[in-house]
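First up is the structure itself, then whatever we jot down about it.
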Amino acid sequence: MTTTIQHTVVIGGSSGIGLATARKLIGPGMKVTITGRNQDRLNGAWKSLGGAVEKAAFDASKPDEVSQFFERLGPFDHLVLAASGGKGLGPFQTLDLTDIGSGVDEKVRPQLSCLQAALPTLNKSGSATFISAVSAQLATPGVAGIAAINGMLLTVVPILAVELRPLRVNVVAPGVIDTPWWDFLAEEQRQAIFAEYAGKTPVGRIGRAEDVADAIAFLVSNGFMTGQVLTCDGGLRFAA
Ligand SMILES: NC(=O)c1ccc[n+]([C@@H]2O[C@H](COP(=O)([O-])OP(=O)(O)OC[C@H]3O[C@@H](n4cnc5c(N)ncnc54)[C@H](OP(=O)(O)O)[C@@H]3O)[C@@H](O)[C@H]2O)c1
């Protein structure tokens, strides 16, 4: 009996949720390619995965680099879109509204641009999984900007699932997850925010990158899931 090997590309696979997803997916039936901008970070991630993945450094916000990557890559089966932005947090009254545009440029456009460039070579029986954020589903002060950015991805996914069928298109909305995304805060501040959110979250803790990787792996592997928002937040959505 021959086993078909599938190939997953994780954009933003050199850190946090993307890296945990690559670690979760690697196996006898799955080849994985990870990407990121920073070559050293990418090499570190590659080493931490025992060199068991392919890697490519490029900036997903640069359309030329994106199209060159997918042209070189050739046919593949699944696309995970974990590239990140960090702008848009804070009270609305003082929110710098240009941060919303920057957030779109840093997160929404790169994720959409990668899917668009991948379409000619992405297996139509495969999948694309975006990563948004639960902030787009919360009625809680201080997240209007980041919700506006991430809400775009929640909105387009059901449309793309129908327009691009039979390709399956889904999105994961993580809660507060302990990853380097939070490194812009000083350690003490970060721990205070994590403790606050752990207290608000019904499961009593914040998330680990592996929690979200499990949700992504489910969407990649389940051939009957499409157009879905899978919220992976420990119940924060209902309690914040
Ligand atoms: N952590 C949380 O609490 C949380 C909550 C909700 C949603 N999310 C979302 O989850 C996704 C993953 O975040 P994370 O927490 O895993 O963050 P992370 O640890 O900072 O990882 C982000 C990854 O994206 C890559 N990346 C960023 N911009 C890129 C670009 N323009 N081109 C190519 N690669 C790029 C980074 O590598 P380079 O910097 O080297 O490019 C890195 O591999 C993001 O979309 C984030 O918004 C996170």
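The values are calculated or read from the model by the stated rules, or taken from the named source; none is laboratory data. Fair warning: this is a prediction, and the values are worked out from it, not measured in the lab. Every residue, glycine among them, receives a Cβ derived from its backbone with ideal geometry; neighbour counts consider all protein chains shown.
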Item to complete: Would you mention how many residues in region 183-224 are buried (at least 17 other Cβ atoms within 10 Å of the Cβ) and closer than 25 Å to N170 by Cβ?
Response: 13
Item to complete: Would you point out which residue out of P202, P158 is assigned to a loop (DSSP other than H, G, I, E, B) and more than 15 Å from the chain's Cα centre (by Cα)?
Response: P202
Worksheet item: In this structure, does S14 turn out to be at pLDDT 95 or above, near the ligand (Cβ under 8 Å from one of its atoms) and under 16 Å from A118 (Cα atoms)?
Response: no
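Could you say which residue among V157, V169 is modelled with pLDDT of 95 or more and away from the ligand (no atom under 15 Å from the Cβ)?
Values: V157 fails: away from the ligand (no atom under 15 Å from the Cβ).
It is V169.
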Worksheet, complete the sentence: Filtering region 172-192 down to residues that are assigned to a helix (DSSP H, G or I), of a type outside the set (D, E, K, R) and more than 10 Å from the ligand (Cβ to nearest atom) yields Q189, Q191, A192
Discussion item. Among the numbered criteria (1) part of a helix (DSSP H, G or I); (2) within 13 Å of the ligand (Cβ to nearest atom), which one does S61 miss?
Written reply: (1)
Item to complete: Among the residues of region 47-61, count how many are in contact (Cβ under 8 Å) with a residue 40 or more places away in the chain and hydrophobic (A, V, I, L, M, F, W, C).
Response: 2
Worksheet item: Are there any pairs with C-beta distances below 6 angstrom linking a residue in region 33-46 that is over 19 Å from Q111 (Cβ atoms) to a residue that is surrounded by fewer than 24 Cβ atoms within 10 Å (Cβ to Cβ), with the two at least 6 apart or on different chains, and if so which?
Response: Q39/A57; W46/K55
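When you look at Q93, is it surrounded by fewer than 18 Cβ atoms within 10 Å (Cβ to Cβ) and assigned to a helix (DSSP H, G or I), yes or no?
On the way: surrounded by fewer than 18 Cβ atoms within 10 Å (Cβ to Cβ): yes; assigned to a helix (DSSP H, G or I): yes.
Yes, satisfied.
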Fill in: Test result for L25, of a type in the set (A, V, I, L, M) and either under 17 Å from A215 (Cα atoms) or free of Cβ contacts under 8 Å to residues at least 12 places away in the same chain (or both)
yes
Worksheet item: When you look at A52, is it farther than 21 Å from W182 by Cα, crowded, with 19+ Cβ neighbours inside 10 Å and away from the ligand (no atom under 12 Å from the Cβ), yes or no?
Response: no
Worksheet item: Given the residues S125, S67, S132, which is the only one that is among the small types (G, A, S), at pLDDT 95 or above and within 12 Å of the ligand (Cβ to nearest atom)?
Response: S132
